Amino acid sequence: MASMGIMIGRILLGQIFLLAGIHKMMDWQGMSAYMASQGMPWIPFFLTGAMLVETLGGLSLILGIQPRIGALVLTAFLIPATLIFHDFWTLEDPQRSLQMIMFQKNLAIMGGLLLFSILSPAGGRQGER
């Protein structure tokens, strides 16, 4: 039963990153414009990095290939992304409220990723059996 829960948790955590990475690939111009609006430098570099981290990290979790490493990399990725793109403390309502929720959502995802990286079996799919 625990192995089924771990697999479902991996898929649920991984899918948001996989879909976000694919979205960045499909809407490069829109994402570049959004990053520019947030004052990001070196947009092609950071957008490529975000796309790769989210896609590969999401696949790592979903497929159970080095999922602990994938979870830790995604956690590290979320820290600056959350601070840069969900800076609710600089905004006025209604954007402040929305960005505070997005900030808290990312904190919750980071908590889930950290718990997974600590409590899951070390071997990914093989260790779940």
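Bear in mind these aren't lab numbers, they're just calculated from the coordinates by the rules spelled out. Keep in mind the model is a prediction, meaning the values are calculated, not measured. Positions of Cβ are backbone-derived with ideal geometry, glycine not excepted, and every protein chain shown enters the neighbour counts.
Among SER60, SER3, SER37, what is the fewest-to-most ranking by other Cβ atoms within 10 Å?
On the way: SER60 23, SER3 13, SER37 8.
If I rank by nearby Cβ atoms, fewest first, I get SER37, SER3, SER60.
Starting with the fewest neighbours, write out ILE62, ILE8 ranked by other beta-carbon atoms found within 10 Å of each beta-carbon. Don't jump to the answer; show the numbers that get you there.
Working: ILE62 19, ILE8 10.
Ascending Cβ contact count within 10 Å gives the list ILE8, ILE62.
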- Message: Tell me the label only: which of [x] 42, 35, 27; [y] 48, 29, 19; [z] 34, 32, 25 is Cα extents along the principal axes in Å as calculated from this structure?
- Response: [y]
- Fewest-first ordering of SER120, SER97 by Cβ atoms within 10 Å yields SER97, SER120
- Task: Write out the chymotrypsin sites (Phe, Trp or Tyr not before Pro) in the stretch 42-125 meeting two conditions: DSSP loop, and at most 16 other Cβ atoms within 10 Å of their Cβ.
- Result: TRP42
